[in-house]
1. Helix-only estimate, please: 222 nm mean residue ellipticity of the chain, summing -39500 (n - 2.57) across DSSP H runs of length 4 or more and dividing by its residues, to the nearest 500.
2. Rounded, prolate or oblate: which fits the range 53-103 when a ≥ b ≥ c are the square roots of the eigenvalues of the alpha-carbon gyration tensor, with rounded for a/c under 1.5 and prolate only if a/b beats b/c?
3. Report the charge-dipole magnitude of the chain in Debye, nearest 20, computed about the Cα centre from +1 at each Lys and Arg Cβ and -1 at each Asp and Glu Cβ.
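Please treat every number below as a calculation from the coordinates, not as lab data. Bear in mind that the values here come from a model prediction, so they are computed numbers and not experimental data. Cβ sites come from the backbone with ideal geometry, for glycine too, and all protein chains shown count toward neighbours.
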Amino acid sequence: MPNEQNIVPYQFDSSQSREKAAKNGAAGGRASGVSRRRKKSLREAAELYLSLPVSDKRAWNRLARDGVEPEDVDNQMAIIAGLAMKAMKGDSRAAKVLFDLIGPAEQEPEPTGVESMTLAEKMAAIREAARNIDH
């Protein structure tokens, strides 16, 4: 736990005073806030655009032919479909983007107990159990 004996104050070097360091830190904090707000605004604009319906009728018809429900046809779906088409044609970068979007596949849990035994191990266990019943 922190206490007076183990708290070491920041040691300022000779290049700047405590006041100047505080001023620089505050300026950095303000700049960081501006950058975060700009990124958030850009992300919201992208989400809005991607959620809009597809305006290109050929793209809409292609997605509908591929089995996408009409209410699900939006710009985001069109982009995913385009990536999938490129990946199916052999574009490895498009495939990588798709796999990155999907995320890692869930791994099946490791079998335990009888499920993990080989056939020989199961037979030996049955023989052992039968011997124990007789005695």
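1. The helix-only estimate for the chain comes to -21000 deg cm²/dmol at 222 nm.
2. It is prolate, given that a/c is not under 1.5 and a/b is the larger ratio.
3. Working: 21 positive and 20 negative charges, 234 e Å.
Approximately 1120 debye in magnitude.
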